[in-house]
Amino acid sequence: MPRIAWENDILGLVPKTDWLDVGTIVTRPNDPVDQVIDDTKTDNLVAEWESLAAEFQIPVMAQFHGFDTEAKTTFRVPVDRHNIEKGLIKVKINQSERMRTLLRSGVQNDDLYDYIIRDGIRLSDQVVTRSKVAKNELLATGKVTIKENNLNLTVDYGVPNANTSLTLDLSSSADIISQIQTIVDSAKNAGVTITGIYTSSANINKMRQNAGLQTAINGNIGAGSMIRKTVMEEFLSEEFGINTILTNDLTYGKSATVGANGRPNITTARYFPQNKVTFFATNPGGRLGRGLWGDPPEIDNARFYSNEEPSSSPFVYVTQKMEWDPAVLWTKASGLFMPVLFNPNSLYIATVS
């Protein structure tokens, strides 16, 4: 195996160009949230936010004017400038400690390269995971809150309180059809058309066990028999125009502590609450929002020193830094992220009662 050319001959310091292939993909094929909120990279989060918000709002009518009169001034969609650029996600690991463990286990110096790259990939994935949590919180509450590491702020997308305080009775005897119809009609009155449902599989199963839905779909003879999933999807599509049903039961590691045995104790959480049902309206492209990724401070600082634009622009940047005292090599992954909602009236969020 050829010898690894470590950066500045520092053991474990991977050449910067090698990290550019890490963090280039943030979309997870099996993650339902990426189907309605995709990801894009931008040089200016605020400008991109303003452009998207203006593009997908309900068109505002201009007015006729006399030839010798002044045009009426319109307005821009308000943007939460103060908070959307606070979305810095980062995590680091003590690489020196990791290398000492590997070397004591018999790993050769040059074989360390693969282990370090894998550490960087894992760190990058942790940054991506936090972005998925933010997307799902937007779908579940209409807002994104950041209450961690001495930060306490909320990104408000302007979703009306009436849209986020709905309740939905999914018991077997409830009139689910009329409840859905009320939500669909409310959306139409606000100028949007509900096209999908985002919820947990438990809530979909409750709907399939509902007596009213069973009778409406299969007749009196079908009461008491669980509705087939495909049949219920066809019914919701034909009756309400709801063509997309997405369920998210995925979990992630919310926090971790190291136990007395040296093993991590990970606290898991759901990306999307089990007791929420979100009715949404998408744009013609099938999206209701977009995850905006910008450049973290590490990249801005690097440009100050080099005055060069990077040839590659990954979503998540992995960097390394050697400290002098104590002598520790750190590997860090960082990204600037914030989801944007195209239309505040595109979400109708109900809590299952």
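The values are calculated or read from the model by the stated rules, or taken from the named source; none is laboratory data. Please read all numbers here as calculations on a predicted model, not as lab measurements. Please note: Cβ atoms are built from the backbone with ideal geometry, for glycine as well, and neighbour counts cover all protein chains shown. Only protein heavy atoms, including side chains, enter the accessible area calculation; ligands, DNA and RNA are left aside. Shrake-Rupley method; radii C 1.70, N 1.55, O 1.52, S 1.80 Å.
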Checklist line | Answer from Gly241, Gly289, Gly285 - the residue that is at pLDDT 90 or above and surrounded by fewer than 16 Cβ atoms within 10 Å (Cβ to Cβ) | finding: Gly241
Next item on the list: Restrict the check to the range 69-88 and report whether at least one residue is within 21 Å of Asn136 (Cα to Cα), at pLDDT 80 or above and either open to solvent by less than 100 Å² (accessible area, probe 1.4 Å) or among the aliphatic types (A, V, I, L, M) (or both).
Entry: yes
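Looking at Asp31, Asp38, can you tell me which residue is open to solvent by less than 30 Å² (accessible area, probe 1.4 Å), in contact (Cβ under 8 Å) with a residue 60 or more places away in the chain and of a type in the set (D, E, K, R)? Reasoning before the result, please.
Numbers: Asp38 fails: open to solvent by less than 30 Å² (accessible area, probe 1.4 Å).
Only one candidate passes the filter, namely Asp31.
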Next item on the list: Please specify each residue of the range 321-347 satisfying the condition of being open to solvent by 30 Å² or more (accessible area, probe 1.4 Å) and of a type in the set (S, T, N, Q).
Entry: Asn345
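Tally the residues that are part of a loop (DSSP other than H, G, I, E, B) and of a type in the set (A, V, I, L, M, F, W, C), restricting the search to the range 239-255. Show your work before the answer.
Our first condition is that a residue be part of a loop (DSSP other than H, G, I, E, B); within the range 239-255, this holds for 241-243, 248-250.
Within this subset, residues satisfying the condition of being of a type in the set (A, V, I, L, M, F, W, C) are 242, 250.
Of the residues in that region, 2 qualify.
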Checklist line | Members of the range 230-276 that are touching a Leu at 6+ places or on another chain (Cβ under 8 Å) and aromatic (Phe, Trp, Tyr) | finding: Phe235, Tyr271, Phe272
Item checked: Residues that are touching a residue at least 24 places away in the same chain (Cβ under 8 Å), of a type in the set (D, E, K, R) and either under 24 Å from Asp249 (Cβ atoms) or out of contact with any Gly (no Cβ under 6 Å at 6 or more places or on another chain) (or both), drawn from the range 173-222 -> Lys206, Arg208
Next item on the list: Starting from the range 10-21, take each residue that is in a helix (DSSP H, G or I) and list its partners that are among the aliphatic types (A, V, I, L, M), counting only C-beta distances under 8 angstrom and pairs at least six apart or across chains.
Entry: Asp18/Ile117; Trp19/Val318
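Of everything in the range 263-280 that's assigned to a loop (DSSP other than H, G, I, E, B) and open to solvent by 50 Å² or more (accessible area, probe 1.4 Å), which residue is modelled with the lowest pLDDT?
Residues of the range 263-280 assigned to a loop (DSSP other than H, G, I, E, B): 263, 271-275.
Then drop every residue that is not open to solvent by 50 Å² or more (accessible area, probe 1.4 Å), which leaves 263, 274-275.
Numbers: Arg263: 76, Gln274: 97, Asn275: 97.
By that ranking, first place goes to Arg263.
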Checklist line | Filtered residue count, the range 244-262, keeping only those that are surrounded by 17 or more Cβ atoms within 10 Å (Cβ to Cβ) and not polar (S, T, N, Q) | finding: 2
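Tell me which residues, restricted to the range 1-23, are open to solvent by less than 60 Å² (accessible area, probe 1.4 Å) and not small (Gly, Ala, Ser). Outline the logic, then answer.
To start, the set of residues in the range 1-23 that are open to solvent by less than 60 Å² (accessible area, probe 1.4 Å) comprises 4, 6-7, 10, 12-15, 18-20, 22-23.
The answer is Ile4, Trp6, Glu7, Ile10, Leu13, Val14, Pro15, Asp18, Trp19, Leu20, Val22.
Give me the strands (runs of 3 or more DSSP E) completely within the range 90-206, filtered to those with at least 1 residues that are open to solvent by 70 Å² or more (accessible area, probe 1.4 Å), ordered by residue number. Please lay out each step first, then the result.
Working: elements: 143-146, 153-156, 166-168, 196-199.
By residue number, 143-146, 153-156, 166-168.
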Next item on the list: Say whether the condition of being in contact with a strand residue (DSSP E or B) (Cβ under 9 Å, 6 or more places away or on another chain) and open to solvent by 40 Å² or more (accessible area, probe 1.4 Å) is met by at least one residue in the range 207-228.
Entry: no
